[in-house]
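Participant: One structure, as structure tokens, below. Some questions next.
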Amino acid sequence: MVNSIEQRKSQHIQITLNEKVTGESISTGLGSFVFIHNALPEIDFDEISMKTTFLGLECQTPFLISSMTGGTALAETINRNLAIAAEESGWALALGSTRALLDSDGHSSSFLMRKYAPSVPIIANLGAVQFNYGYGVEECKKIIDLTEADMLVLHLNSIQEVIQENGDTNFKGILKMIEQLCRTLGVPVGVKEVGWGIDGQTAKKLINAGVAFIDVAGAGGTSWSQVEKFRAEDPVKRAAAEAFSEWGIPTAESIRLVREESVDLPLIASGGMQTGLDGAKTIALGADLVGFGRSILKEATQSAEDVLEVMKIREMELRMSMFGIGARTIQELKNTPRLKEL
Ligand SMILES: Cc1cc2nc3c(=O)[nH]c(=O)nc-3n(C[C@H](O)[C@H](O)[C@H](O)COP(=O)(O)O)c2cc1C
């Protein structure tokens, strides 16, 4: 069991680094939005502040490293590089699924990143479907205790589980368990997708269940049907996966749909984020934090310095976007009337 999780995590890293794991024609939808340039911003570039808060926690930037990995030796290197860079730059850090943390003592240290990132928000992660496969409130409490995370995000990945060999496909009754966990865990509980987005109706159910935040993890970036296609041994599943390469709610659309249900629910935009300009657009569309996944993975396998270099570029792109529309703060960016749909 443990070995199969470990092998799967290794393959996910190798496949997302080396194979084509995006759809052909689907996009985040952010290309349909442009900022109206302000030639006379009347602000000093050096005064621009990226500081913000998320669920009461102070953040030096509105950027987050999306949930990726843990549970293998390479995963430990990746998480350590990400954690050191996150601490240095003030990005929030999400861990990959912590299921392996409780199943094994083999690579549990790959999830213990608080010592490298003492001051930034850390988000622990678990598949919500695990509530039908032996996990409950007690396991989630253990995960929070061990990781010293500030909050937990549950991922919804139904289509991925179908393609995955021996995937966990019974999603019945999950909402009720999410509701119970929100009431009893003691730290904020959020929900994310893994690259297919969250629609308005689902957002409404989750909000009523008491989730503290939603991360849309929309379509237009990494496609997990594509990733699992490369692992699938069953020829039927492998062939069927191909038809889903364009599946999902584009990130920009998902932000709009969730915001229609709630104007103030803490909201993370992710799925296909490539630049700080992408991030700026999602904030102007209503996001509070912006998550980067696969686009930062390669550097994470190399060194903390390489991760920091990418972070600096993403931050410069955000600050330039803010300068270009004359927004001095994240709040002003959020309220800008300068984002236009083409
Ligand atoms: C190697 C890798 C492993 C991932 N593992 C997890 C995971 O354990 N839990 C999770 O919620 N999402 C996981 N994801 C999904 C990301 O968090 C994200 O939602 C998705 O990849 C879309 O974002 P992107 O286009 O920026 O990659 C993983 C992504 C990558 C690239």
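Participant: Roughly how large, in nm² to one decimal, is the mean projection of the convex hull of the alpha-carbon atoms in region 93-234?
Facilitator: Numbers: hull surface 36.1 nm².
Mean projected area for region 93-234: 9.0 nm², to one decimal.
Participant: For the chain, what is the charge dipole size about the Cα centre, in debye to the nearest 20, if Lys and Arg each add +1 at the Cβ and Asp and Glu each add -1 at the Cβ?
Facilitator: 460 debye
Participant: Within the set of other residues whose C-beta is less than 14 Å from the C-beta of Lys176, count the net charge using Lys and Arg as +1 and Asp and Glu as -1.
Facilitator: +2
Participant: Additional query: Please identify the DSSP H helices in the chain that span no less than 30 Å along the helix axis (Cα) and have a mean Kyte-Doolittle hydropathy of 1.6 or more.
Facilitator: Once both thresholds are applied, nothing remains.
Participant: Further question on the same structure: Run the helix sum for the chain: -39,500 (n - 2.57) per DSSP H stretch of 4+ residues, divided by residue count, reported at 222 nm to the nearest 500 deg cm²/dmol. Don't jump to the answer; show the numbers that get you there.
Facilitator: On the way: 14 runs with 146 residues, N = 342.
Using -39500 (n - 2.57) per qualifying helix, the result is -12500 deg cm²/dmol.
Participant: Now for a different question. So what is the diffusion coefficient of region 253-342 in µm² per second by Stokes-Einstein at 25 °C and 0.890 mPa s, using a Kirkwood Rh over Cα pairs? Let's see the in-between values first.
Facilitator: Values: Rh = 13.9 Å.
The estimated diffusion coefficient comes to 177 µm²/s.
Participant: Would you work out which of Ser109, Thr52, Gly200 lies farthest towards the positive end of the dipole of region 2-341, given +1 charges on the beta-carbon of Lys and Arg and -1 on that of Asp and Glu, about the Cα centre?
Facilitator: The Cα lying farthest towards the positive end belongs to Gly200.
Participant: Sticking with the crude label model, points 7 Å out along Cα→Cβ, report the distance from Leu146 to Phe171 in nm, one decimal please.
Facilitator: Each label point is offset 7 Å from its Cα along the Cβ direction, giving 2.7 nm.
Participant: Search the structure for amide H atoms under 5 Å from the amide H of Met151, placed 1.01 Å from N in the peptide plane, and list their residues when 5 or more places away or on another chain.
Facilitator: Amide H to amide H, under 5 Å and 5 or more residues apart or across chains, Met151 pairs with Ile122, Ala124.
Participant: Right, something else. In the neighborhood of Ala209, defined by Cβ-to-Cβ distances under 11 Å, what is the net charge if each Lys or Arg adds +1 and each Asp or Glu adds -1?
Facilitator: Working: positive: Lys176, Arg183, Lys204, Lys205; negative: Glu179.
Once positives and negatives cancel, what remains is +3.
Participant: Considering only protein heavy atoms and a 1.4 Å probe, what is the carbon-and-sulfur percentage of the accessible area of the chain?
Facilitator: Carbon-and-sulfur percentage of accessible area, whole number: 50.
Participant: Another question about this same structure. Quick one: net charge around Arg8, please, counting Lys, Arg +1 and Asp, Glu -1 for every other residue with C-beta under 11 Å from its C-beta.
Facilitator: After counting each charged neighbour, the total is 0.
Participant: Mind ranking 27-36, 231-240 by how tightly packed they are, going by the mean number of other C-beta atoms within 10 angstrom, highest first?
Facilitator: 27-36, 231-240
Participant: Dividing the Cα convex hull volume of region 1-57 by residue count, how many Å³ per residue is that? The partial results should precede the final answer.
Facilitator: Numbers: hull volume 14.5 nm³, N = 57.
Hull volume normalised by residue count: 254 Å³.
Participant: Residues with amide H under 5 Å of Thr69's amide H, sequence separation 5 or more or different chain, H placed in the peptide plane at 1.01 Å from N; which?
Facilitator: Amide H to amide H, under 5 Å and 5 or more residues apart or across chains, Thr69 pairs with Gly96.
Participant: May I have the pair-distance distribution P(r) for the chain, computed from all Cα-Cα distances with 20 Å bins from 0 and rounded to whole percent?
Facilitator: Pairs per bin, as whole percents: 33, 60, 7, 0.
Participant: How about region 102-144: which trypsin sites (Lys or Arg not before Pro) there are in a DSSP loop, with at most 14 other Cβ atoms within 10 Å of their Cβ?
Facilitator: When the trypsin sites (Lys or Arg not before Pro) of region 102-144 are filtered for loop state and at most 14 Cβ neighbours within 10 Å, Lys115 remain.
Participant: Right, next: Of Ser66, Thr251, Thr336, which is farthest towards the positive pole of the chain's charge dipole, taken about the Cα centre with +1 and -1 on the beta-carbons of Lys, Arg and Asp, Glu respectively?
Facilitator: Thr251
The values are calculated or read from the model by the stated rules, or taken from the named source; none is laboratory data. Just so we're clear, the structure is a prediction, and the values are computed from it rather than from any experiment. Every residue, glycine among them, receives a Cβ derived from its backbone with ideal geometry; neighbour counts consider all protein chains shown. Protein only, heavy atoms only, side chains kept; ligands, DNA and RNA dropped before computing areas. Shrake-Rupley method; radii C 1.70, N 1.55, O 1.52, S 1.80 Å.
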